[in-house]
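Scroll down for the structure; my scribbles are underneath it.
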């Protein structure tokens with residue numbers, strides 16, 4: 001993979017700050033997963049999005065670690 005020094009350094013900062021010092025490989029994998037997750041949410045129609053929100057709300061009520 002080709003990557004500029006500034007992009008590698010930015011990735012290293014994210015790895016340290018947001019992912020507890022994860023490797024750059026793990027950081028890229030996590031960022032790719034986050035991107036795919038947000039892209040999947042963006043493809044939902046209104047009814048599907050409401051179902052997702054309802055399910056999240058239900059889980060948040062039973063799991064104190066999830067934001068409501």
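The values are calculated or read from the model by the stated rules, or taken from the named source; none is laboratory data. Here the structure is a predicted model, which is why all the values come from computation and not from measurement. As a convention, Cβ positions derive from the backbone with ideal geometry for all residues, glycine included, and neighbour counts pool all protein chains shown.
Quick notes
- Test result for residue 30, without any contact (Cβ under 8 Å) to a residue 24 or more places away in the chain, exposed (fewer than 10 other Cβ atoms within 10 Å of the Cβ) and part of a helix (DSSP H, G or I): no
- Taking first residues from segment 1-23 that are surrounded by fewer than 10 Cβ atoms within 10 Å (Cβ to Cβ) and partners that are at pLDDT below 95, no Cβ contact under 9 Å between residues at least 6 apart in sequence or on separate chains turns up.
- Condition met for residue 37 (in contact with a helix residue (DSSP H, G or I) (Cβ under 8 Å, 6 or more places away or on another chain) and either exposed (fewer than 12 other Cβ atoms within 10 Å of the Cβ) or at pLDDT below 95 (or both)): no
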